[in-house]
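The values are calculated or read from the model by the stated rules, or taken from the named source; none is laboratory data. Note that the structure is a prediction, hence the values are computed from the model and not measured. Glycine gets a Cβ as well: all are built from the backbone with ideal geometry, and neighbour counts include every protein chain shown.
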Amino acid sequence: MTPLAPLTENQKVYLRNGLRELCAVFWGPNDKWCEEAFQGAFLKVFDDPAWPLDRQASEVLEQISAFAATFEKPAALCRTLEEEYVRLFINHHSGVPAPLFHSCYTSGDRRLMGEPARMMKALLAEQGLDLAASVHEPADHLSIELEYLYYLLDKGWQTNERRMIEEARRFASAAMLPWVQVFFHRLEGEAGTPFYPCATALLIMLLRGIADLPWKA
């Protein structure tokens, strides 16, 4: 979906909030996030008239809504998402179906700490950014890449820097979209619940929108 140029302030807020929410999703569920999601906060972020959704995106939100409605309490939702998160992304007896690291999608052996991790370390350093002391993941973790993309957009819009918006477009289209689409297809065949494939479908929607941004947004 290609946004109209220039973006409205509400559309900028939509993209920021969407990236922030999906960043939290792929760091893994916690009690606070699950409580808010149970009350509809996750759906509200994406179901916003500031960014009209196509039929596919609307169907994705309907799937998430139907899934959430099967739980009577936030704790049950959180427990299910935690179990699924571990199985899909961290540890499974037959192998991790969909690692959260970019490097795992650039070589046949799913090796960690490959060229994408080195690239991300360099990009973060170039912007004067450091990973928080509490972060012990390689720099090409999906949520770290999303935080970097958020930073580029936010700074570009605040300072009206063409270079930052162009880098955000390039990073979304050339760095993230190719591997996130492979990640999505792996999830489609492995997920026991619809949530993580649906969240990834929303991420792909955002990345495509960012890839098509006008620079003067």
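The test for being under 30 Å from S65 (Cβ atoms), touching a Phe, Trp or Tyr at 6+ places or on another chain (Cβ under 9 Å) and among the aliphatic types (A, V, I, L, M) holds for L142.
Here G95 meets the list (1) of a type in the set (G, A, S); (2) modelled with pLDDT of 95 or more; (3) closer than 17 Å to E188 by Cα almost entirely, failing just condition (2).
Listed by first and then second residue, the pairs linking a residue in region 170-184 that is free of Cβ contacts under 8 Å to residues at least 40 places away in the same chain to a residue that is among the polar types (S, T, N, Q) and in a helix (DSSP H, G or I), with Cβ atoms under 6 Å apart and 6 or more places separating them unless they lie on different chains, are F184/T200. Taken over region 88-103, the residue count meeting the criterion of being buried (at least 19 other Cβ atoms within 10 Å of the Cβ) and under 16 Å from Y196 (Cβ atoms) is 6.
Test R79 against the stated conditions and say whether it is charged (D, E, K, R), out of contact with any helix residue (DSSP H, G or I) (no Cβ under 6 Å at 6 or more places or on another chain) and either in contact (Cβ under 8 Å) with a residue 40 or more places away in the chain or surrounded by 18 or more Cβ atoms within 10 Å (Cβ to Cβ) (or both). Considered against the rule, which asks whether it is charged (D, E, K, R), out of contact with any helix residue (DSSP H, G or I) (no Cβ under 6 Å at 6 or more places or on another chain) and either in contact (Cβ under 8 Å) with a residue 40 or more places away in the chain or surrounded by 18 or more Cβ atoms within 10 Å (Cβ to Cβ) (or both), R79 comes out as no. Does Y151 satisfy the criteria of being over 29 Å from S58 (Cβ atoms), assigned to a helix (DSSP H, G or I), within 17 Å of the chain's Cα centre (by Cα) and among the aromatic types (F, W, Y)? Yes.
A quick yes/no check of all residues on (1) within 30 Å of N10 (Cα to Cα); (2) touching a residue at least 12 places away in the same chain (Cβ under 8 Å):
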position: F101; (1), (2): no, yes
position: C104; (1), (2): no, no
position: M113; (1), (2): no, yes
position: M120; (1), (2): yes, yes
position: E126; (1), (2): yes, no
position: D140; (1), (2): yes, yes
position: I144; (1), (2): yes, yes
position: E147; (1), (2): yes, yes
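Within region 155-188, the set of residues being acidic (D, E) and more than 17 Å from D212 (Cα to Cα) comprises E188 only. Somewhere in region 12-25, is a residue under 19 Å from L149 (Cα atoms), surrounded by fewer than 17 Cβ atoms within 10 Å (Cβ to Cβ) and either out of contact with any helix residue (DSSP H, G or I) (no Cβ under 9 Å at 6 or more places or on another chain) or at pLDDT below 90 (or both)? Yes.
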